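A short worksheet on the structure shown next.
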Amino acid sequence: MPDFKNMSEGMFILLFGGIMAGVFALSLGFFWLDLEYSDNDVIRHYQIEKAQRRVAVAKNNVRTVIVGDSSAGTSIDAVAFSRLTGMGTENYALTGSFGIVGSANMLARAVLHNPGLRNAIIVHTPFIWTRHFSKQGYFDTTPEFNQVLPGLVDGPLLEWIKMALNLKEIQWGFAALAGGGSKRPISAEEDYLQSSPKRYSNGALMLNMRELVSDRINDDKLKELDVLVSVCRRHGLNCIFIHGPLHTTIAEASKTALASLQTQLEIYNGRNNFQILPDYIYLRETMVGDSADHVDPFYRNYVTGLYAHRLKSFLR
Amino acid sequence: MERAGGAVPFNSYEFILLFFPLVYVGLCLCRRAGWLRLVKLWLILVSLGFYIWGDPSGGLLLLGSLVINYLFAWGIGREGSACRRANDGGNARIRVWLVGGIGINVALLLYFKYTNFFLDSIAEVLDVAVMRLDIVLPLGISFITFQQIAFLVDTYRNRLSSIRIIDYVLFMCFFPQLTAGPIVRYQEMVPQYVSLGRSSGQAAAGIFLFCIGMFKKTVIADTLAIWVRDGYARSDDILGLVDAWIATLSYTFQLYFDFSGYSDMAIGVALIMGIRLPINFNSPYQATSLQDFWRRWHMTLSAFLREFVYVPLGGNRQGRLITSRNLFLTFLIGGVWHGAAWGFVIWGAIHGLALIVHRLWQACKFELPSWFGWLLTFMVVHVAWVFFRAESADQALDILMSLVGWNGLGGFETDYSMANWVRALLGAKDALGSRAEQASVLVLLLGAIWLPNSMTLLRRFRPSGAALLVALGCGLLSFFHVSEFSDFIYARF
């Protein structure tokens, strides 16, 4: 039994190093288990499994894939979109936390499992442009671990080590085991995370006019967009980027910023079969879901129709 | 000013799990080989690697600076020896070498740090368009320049018995203090090199101090940084009195915990390797006068400014007026050293003026109660930090107006009405929202600055279960808080 009141320097270092190593090993273990702690885990598992499962049942049947964040997940119904465009469509939307690189990775996965894929529709909320590079989102979804993104991450191995040894994994892991965390189930009807009943229209949500769309684009997001464009080019896809829907009041108040965003993104238009459409779909308050850029499930088919109408002529 | 990539932070996974273990294992292996020169070469190699990792383009400049300064030191030493042999009292030739060496260092600093500031100022004053130069500020240039100047002056003063190139390069490049200090002197570092990598009972103390420093940086300073960023970002709108105090107090504490946390980590890393670096902070916010504050804050910079600026200007030997001028100029230079912006100039001027007032006050032999002296000192320091942090003088003035209540009591998010205060006092947790929580944390921090500082804890350190728990607690909590965008404030200077 060591003397804890007066221990030797060697014992101090040994105990310190040993306990730290043990804690890091625990973190690594939870990372490996990949338990579902948050909405992001739920939707990631669901969409990746969906992509793999559909291969078995509907090989070569998918012509169009929709990727993006929750604005894509809540606003476009793949079945209705398939019917309206006459092309087999799948929606692999994640959430904004995965960034545009998350969408690029889901697109790469879609190509992997659907060799007949021709079109990619990328839908992201205008709020996404100010955010930083989604490292975790990238590594959680990448189908090719060895892919290096110059200027974005230090290198796959180092980044992977940083994620695996993130001590928050322990917190998340224990919370997941205890049934905690902020998880919403998947709604079979919505084919996405179940929408919260909180709405602007029922007074449960209040518009915060301080959170308007910014006209600033974080350099990280342009680099992420470059990654997406390179996936489109590498696989010869016809890629169409369209902005996610917005609450009318927010959109009206952000009109200048929205126009400025489009101007800044214009340089990507026509690059390697990549197009950015300037359209913004405005939602009346009754159509808005549990966030200013989400659609109420009741109006999902209607908004899908608006997107299908706008996009149909661009599809091949 | 565009800055080079930035040093690999001590609180990053790369440093703790990759770089430092590699350095330490290499150090022990070299030590085991029994050849001290190999130990030094290894440390030079990894130190240069550390610098180039953070700033690839600055590596060549660092090497050039090492060669040039060594040549000037050699020139000073040779002329000095010649003078002594010839019993020649005239030091003119040695002075030429010294002035030349200092001139080159200062010129490099001026070029890299102040050229664009100078051009911008001309453009503003003359209202003309002036093209800025594409200059990237090399990593740690301000610290390196001061250390080189101290080295040349020490050589000139014949304080250094012999200068070996390997010792000189290691002294200048030693990675724990290369990019943001503490500023060290050749004569206090080189004699310690014999204990590099030796198990001298200091490694556990080094780990203990490193963990405390990391806790100060990642848990306290980085949390405060969020409040600072939010508060200063909102200053364009109307910032209420409470929010202004929260934002500015947060910065006052952030800067202290950030920089002293960095210094603790640097001292801890060096200690693990067997080197004792000078302390840089000694509870500065406990100071009861501004003079006292500068004996406790960034102590190695204060010592440098005193010895190499204030004293050469004449110090306090030429009457009250000249002393006041010297004080003012010293702090003005200290302000400008921190960065090329008017905010730093104003910050230096405030400290210079306040110290002049303090001296005059002392001369009148008026005694203040110590609590009042503390409050006055803290307020001057606090107000001066507003200029240090603000992006423009206008922003600083806006915040100062908010601090005195010019823009009302509360911010626009929280209702600070009397009714809400009463509700808060009666225990309604949602009454004042997160601002109230922030305010209470700041009050706690104000209390915490009276606790023993990390250097006192280091002096008292003995390997024990309690010390182990403190180290583990700080280390684990810090790893829990390590965020992606957390560089050290002083690494920017």
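Can you tell me the FRET efficiency between residue B:96 and residue B:124 if r is taken as the Cβ-Cβ distance and R0 is 35 Å, rounded to the nearest 0.05?
On the way: r = 38 Å, r/R0 = 1.08.
My answer for the efficiency is 0.40.
Mean sequence separation of contacting Cα pairs (under 8 Å, at least six apart), scaled by the length of chain B, corresponds to a relative contact order of 19 percent. Set the Förster radius R0 to 25 Å, insert the Cβ-Cβ distance between residue B:406 and residue B:353 as r into 1/(1 + (r/R0)^6), and round the FRET efficiency to 0.05. Working from the Cβ atoms, E equals 0.65.
Rounded to whole numbers, the Karplus 3J(HN,Hα) couplings from phi for region A:260-277 are 5, 4, 4, 4, 5, 8, 4, 4, 7, 5, x, 7, 6, 6, 10, 10, 10, 7 Hz, using 6.51 cos²θ - 1.76 cosθ + 1.60 with θ = phi - 60°, and x at Gly and Pro. Here the simple spin-label model places points 7 Å from the Cα toward Cβ, and for residue B:320 and residue B:166 these points are separated by 5.7 nm.
For region B:242-360, the square roots a ≥ b ≥ c of the C-alpha gyration tensor eigenvalues yield an a/c of 1.5 or more together with a/b not exceeding b/c, which makes the shape oblate. Multiplying the residue separation of residue A:272 and residue A:130 by 0.36 nm and subtracting their alpha-carbon distance yields 48.6 nm.
Counted over the protein assembly as shown, the DSSP beta bridges are approximately 15% antiparallel. Amide H to amide H distances under 5 Å link residue A:218 with A:130, A:131, where only residues 5 or more positions off or on other chains count and H is placed in the peptide plane. On the basis of the beta-carbon distance and an R0 of 51 Å, residue A:198 and residue B:379 show a calculated FRET efficiency of 0.65.
Can you tell me the relative contact order of region A:74-195? Whole percent, Cα pairs under 8 Å, sequence separation 6 or more.
Details: 76 pairs, mean separation 25.7, N = 122.
In percent, rounded to a whole number, it is 21.
Taking 13 Å as the cut-off, the amide N atoms of region B:195-228 that come nearer than this to a point 7 Å along the Cα-to-beta-carbon line of residue A:8 belong to B:201.
A crude spin-label estimate for the pair residue A:309 and residue A:79, with each label 7 Å from Cα along the Cβ direction, gives 2.3 nm.
With a ≥ b ≥ c taken as the square roots of the eigenvalues of the C-alpha gyration tensor of region B:240-310, please select rounded if a/c is under 1.5 and otherwise prolate if a/b is larger than b/c or oblate if it is not? Display every interim value, and only then the final one.
Working: a/c = 2.90, a/b = 1.45, b/c = 2.00.
It comes out oblate by the Cα gyration axes.
Name all residues of region B:183-215 having a backbone nitrogen under 18 Å from the label point set 7 Å from the Cα of residue B:307 along its Cα→Cβ direction, giving them as ranges. Residues B:183-193 fall inside that zone. Annotation for residue B:25 and residue A:256: the two label points, set 7 Å from Cα along the Cα-Cβ direction, are 5.8 nm apart.
With the Cα gyration tensor of region B:1-151 giving a ≥ b ≥ c as the square roots of its eigenvalues, does the rule (a/c under 1.5 for rounded; else a/b larger than b/c for prolate; else oblate) give rounded, prolate or oblate? Kindly include the intermediate steps, with their values, before the conclusion.
Values: a/c = 3.74, a/b = 1.07, b/c = 3.49.
Cα axes put region B:1-151 in the oblate bin.
Going through the cross-link list A:50/A:183; A:168/B:216; A:198/A:312; A:50/A:221, which pairs have a Cα-Cα distance over 22 Å in this structure? Pairs exceeding 22 Å: A:198/A:312; A:50/A:221.
Per-residue extension of 0.36 nm, minus the Cα-Cα distance of residue B:372 and residue B:57, leaves a gain of 108.4 nm for this segment.
Laboratory data are not the source of any read-out in this text; all were calculated from the coordinates shown. Since the model is a prediction, treat every value here as computed from it, not as a measurement. Every residue, glycine among them, receives a Cβ derived from its backbone with ideal geometry; neighbour counts consider all protein chains shown.
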